[in-house]
Every structure is written in C-alpha cells, then in structure tokens.
Amino acid sequence: MTESRCMARLLASAVHELRNILAVVRESTGLGIDLLDMERKSTGARPSGERLHGVLEDSQKAVQQGAALSDAMDYLASASEMEAKGPCDITRVCHVFCLLYAREARSSKITLQTDNGEDPVWAQFSPVILLRALLDVVDLCTSVGGQISLRLSGERRDRHEGVVIEVFDGTNRELVVSALASCPRLEGLRIGWRAKLMPWTSREPRFFLTISETGGQAETN
Amino acid sequence: MGLRLLLADDERDFVDTLAERLRLRDYEVQVVYDGAEAIRAATSNKPDLVVLDLYMPGLAGDEAIKQLKMMYPAMPIILLTGHQAVDDNGTSPVSQAFACLTKPLAFKDFVAIVEAAVREGTTTGRGE
C-alpha cells in the first residue's frame, strides 16, 4: 500500500466517524428545538426557553460548519489518490482549500474567501498540486506579515485554467501585492510541474495562478 | 394515521433521536440496528418507506437493499451514509435507492425527501 493510499483510507474513515458524531449532535439539538417549540405553542414563550432555543440553534450552525469541513476532508482523501494529470475542478479546490486552511490562515490574520456556487473550471492536473501551490501563496503572504484578505476563484483566461487571487482589505495589502508580484514562480511543486503567478495588470491587485507541466524538470525561482 | 417508516442504522444515538423527531410529527416509526433485522421488520410490517444506513456491521445497507428490492421492487428505500462519495455507476444496488443522503442531515430536507419517496412509491404502485 502506498503512503498516499494509507493517508486516504485513514482520513476517509475519520471523516465517516466525524459525520456520525455531527449527525448525533444535529438530531439531539434539533429534538431540543422541537420540544421547546411545542412548549412555546402550549404555554407561551419563557426567557429561559428563548435562551436555550438560541443555544441549540448555534449548535446546529456549528454542525453545518463541521459538515462542510468534513466534505473538504473527504475531498482531500480522494484527491490524494488522483492521477497527476487530474482532472481537477479548480473552483472546488479553491473552496476546499479555504475550508481546510481557514484556521491556520487566521493565525496570520489572513482571511480566505471563495464564492460558493460558481461553475466548475476543469483542468488537467492533480488537485493536490494546486493545493500545494495555494499553500505556497498563503505562506508568501504570511512571510511579509499577513493581515490581508484573499479571494480565490477558478477562472479560464486565454485558454488557460487557473486561480484568480484577489488581494483586498487589510493593512499589509501593498506589501503582500509586492511580494506576490516579485515571485512569479512558486517553489516546492513535484518534479515535472510548475506554478506561475502572473499579475493581472488590467485589474490590480489580482494575480492569476496557473499550473503547467515542465516536461520532467523541477523548476525553482 | 401517519406514514409508517422503518429506520435501520447501527448508530443508535442518531437513529433513536431521528425516530423521536419523526414521531413528534406523527410518523409511525420502527427502529432496528442492523441490515438483517431490517429485512425481517420490512417483511413482517411492510412499511411505507425504509431508511437504511449504507455501512452497518453484519448485513450492510447495499446488501439489504438488494434483498429488499428483490422481494418488494416498489418499496421506496432511502440510503444514509457518512461517506461523501458513493460508488453509484447505475449497476450497484445503491442505484436502486430513491436517494442516498450524507450525514449529518438537514431534518427539513430529510422529511421532504421521505415524503417525495413515498409519493413516488404510491404513484408507481406497491402491489407486492
């Protein structure tokens, strides 16, 4: 068994268990809300009941967030076994990346955003290669102090599929834009692939991240 | 009398609570905890709809649905799973389910799917 297969199996099993736990919390809090609603109908609202209702609703929202995170982990488990040439839905990878890395990014005061419901943008490389490149982009932002918001979205531009990275808000915006502009190639991708970061000159401060094959050569800056 | 539902899931805390919420809404709910029990209960009680967990110890949901569909082809069945990706290429028993839902469920959505599945079962006729 390969290491990636081993990781994928362990991760998939953990996600299954996590979903079961979330399902119990969701149904238990849902039952609590049901019972409070019934009591409210028969005896009228009580302050303690209203408070409890709010707490249970917060728990339901937390379960929804946990379920979204579980979906992202499940995608990571299946992505780790995908072929190097994909296919990869860039829109979905952006969404998964934002969910998986939100916590760590927040510790550098970086907010990650992506638009839900965008159309898929298909490309011929592995999702893991793109995840790695996105991690490099965030590391680059962290290295100059973070404190910005990044919006990621899949797009097709001049027959190339890639990620539009929009830098907005935050006190470090200029520093981050300058760091990204001076780093056209990202390090650390697997041999045979390169990630290129192009300033989107017509719509600054945006960048277009593309992944392409190099024909077997490792590329660095 | 409300619809008669059979729920089969080895996650007892989950399925017992789900059943209680459904009973509050006037469904008549029977709960079992494995696939073999589900076959026995469906055979003796002929519920309006069966909800099966896909991964149960012993007789799993995919095997249970195969057996139930052989005996009662028109009986609506909904599958539940903690796995996101279900291998449904149209040839597996999973494709015989009315829907395959991922936990945790949004209760309102679940009820809507239950109602839709029973409506379709009624339309297609359950002559077994």
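The values are calculated or read from the model by the stated rules, or taken from the named source; none is laboratory data. No experiment lies behind these values; they were computed from the predicted model shown. Using ideal geometry, Cβ is built from the backbone for each residue, glycine included, and neighbour counts are taken over all protein chains shown. Surface accessibility is based on the protein's heavy atoms, side chains included, excluding ligands, DNA and RNA. Shrake-Rupley method; radii C 1.70, N 1.55, O 1.52, S 1.80 Å.
With springs connecting C-alpha atoms under 10 Å apart, model chain A as a Gaussian network and identify which of A:Thr91, A:Thr171, A:Thr210 has the largest mean-square fluctuation. Of the options given, A:Thr171 has the highest mean-square fluctuation. Say we join alpha carbon atoms closer than 10 Å with springs in a Gaussian network model of chain A; which of A:Ala84, A:Ala195, A:Ala62 then has the biggest fluctuation? Result: A:Ala62 has the largest fluctuation of those listed.
Restricting the trypsin sites (Lys or Arg not before Pro) of the stretch B:1-89 to loop positions (DSSP other than H, G, I, E, B) with no more than 12 neighbouring Cβ atoms within 10 Å leaves B:Arg25.
A cut-off of 5 Å between modelled amide H atoms, ignoring neighbours fewer than 5 places along the same chain, links B:Val51 with B:Leu6, B:Leu7, B:Ala8, B:Ile78.
The solvent-accessible area of B:Phe98, taken with every protein chain present and a 1.4 Å probe, is close to 80 Å². For the stretch A:88-213, the gyration tensor built on C-alpha atoms gives a rounded shape. Its axis ratio a/c (a ≥ b ≥ c) stays under 1.5. Of the residues A:Glu155, A:Glu104, A:Glu166, the one that moves most in a GNM of chain A with alpha-carbon contacts below 10 Å is A:Glu104.
Sparsely packed loop sites in the stretch B:14-119 (the GluC sites (Glu not before Pro) outside DSSP H, G, I, E and B with at most 10 other Cβ atoms within 10 Å) do not occur. Compute the whole-percent fraction of alpha carbon pairs in chain A spaced more than 22 Å apart. The answer is 59 percent, as a whole percent. Placing dummy labels 7 Å off each Cα toward the beta-carbon, the span from A:Arg40 to A:Arg106 is 2.8 nm. Not counting ligands, DNA or RNA, and with a 1.4 Å probe, what is A:Leu135's accessible surface area in Å² rounded to the nearest 10? Here the accessible area works out near 60 Å². Percent of alpha carbon pairs in chain B separated by more than 23 Å? Considering chain B, 22 percent of its Cα-Cα pairs are separated by more than 23 Å. For the segment A:73-79, counting C-beta atoms of other chains within 10 Å of every residue's C-beta and taking the mean gives 2. Think of chain A as a dipole: +1 on every Lys or Arg Cβ, -1 on every Asp or Glu Cβ, centred on the Cα centre; then among A:Leu11, A:Val55, A:Cys183, A:Cys183 lies furthest on the positive end.
A:Val128 contributes an accessible area of around 50 Å² to the protein surface, as traced by a 1.4 Å probe with all chains present. Net charge in the neighbourhood of A:Val96 (other residues with Cβ under 12 Å of its Cβ; Lys, Arg +1, Asp, Glu -1) is -2. Of A:Ser149, A:Ser42, the residue with the largest accessible area leads and the full order is A:Ser42, A:Ser149 (1.4 Å probe). For the stretch A:3-79, rounded, prolate or oblate, judged on the Cα gyration tensor with a ≥ b ≥ c (square roots of eigenvalues), a/c < 1.5 rounded, else prolate if a/b > b/c? Prolate, because a/c is 1.5 or more and a/b exceeds b/c. Helix A:90-107 and the longest principal axis of the Cα set of chain A meet at an angle near 70°.
Just to confirm a number: summing +1 for Lys and Arg and -1 for Asp and Glu over residues other than B:Glu11 whose beta-carbon lies under 11 angstrom from that of B:Glu11, what do you get? Around B:Glu11, the charge tally is -4. Going by accessible surface with a 1.4 Å probe and the largest first, A:Trp122, A:Trp193 read A:Trp122, A:Trp193. When the trypsin sites (Lys or Arg not before Pro) in the stretch A:1-108 are filtered for DSSP coil states and for at most 14 other beta-carbon atoms within 10 Å of their beta-carbon, the remaining sites are A:Lys85. Rounded to the nearest 500, the helix-only mean residue ellipticity at 222 nm of the protein assembly as shown stands at -16500 deg cm²/dmol, with each DSSP H run of n ≥ 4 adding -39,500 (n - 2.57). Spacing of the modelled spin labels on B:Glu120 and A:Ser13, each 7 Å from Cα toward Cβ, amounts to 3.4 nm. Here the alpha carbons of the stretch A:1-47 define both size measures, Rg and Dmax, at 19.6, 62 Å.
Counting Cβ atoms of other protein chains within 10 Å of each Cβ in B:9-17 and taking the mean gives 5. With the simple model of a label 7 Å out from the Cα in the direction of the Cβ, A:Thr2 to A:Asp119 spans 3.2 nm. Residues B:Tyr27, B:Tyr33, sorted by accessible area with the largest first, give B:Tyr33, B:Tyr27 [1.4 Å probe; ligands and nucleic acids excluded].
Against chain A, whose longest principal axis comes from its Cα atoms, helix A:127-143 is set at around 90 degrees. Mind scanning A:Lys41/B:Lys46; A:Lys61/A:Lys85; A:Lys61/B:Lys46; A:Lys85/A:Lys109; B:Lys66/B:Lys108 and naming the pairs with a C-alpha gap bigger than 30 Å? Cα-Cα > 30 Å for A:Lys41/B:Lys46; A:Lys61/A:Lys85; A:Lys61/B:Lys46; A:Lys85/A:Lys109; rest within.
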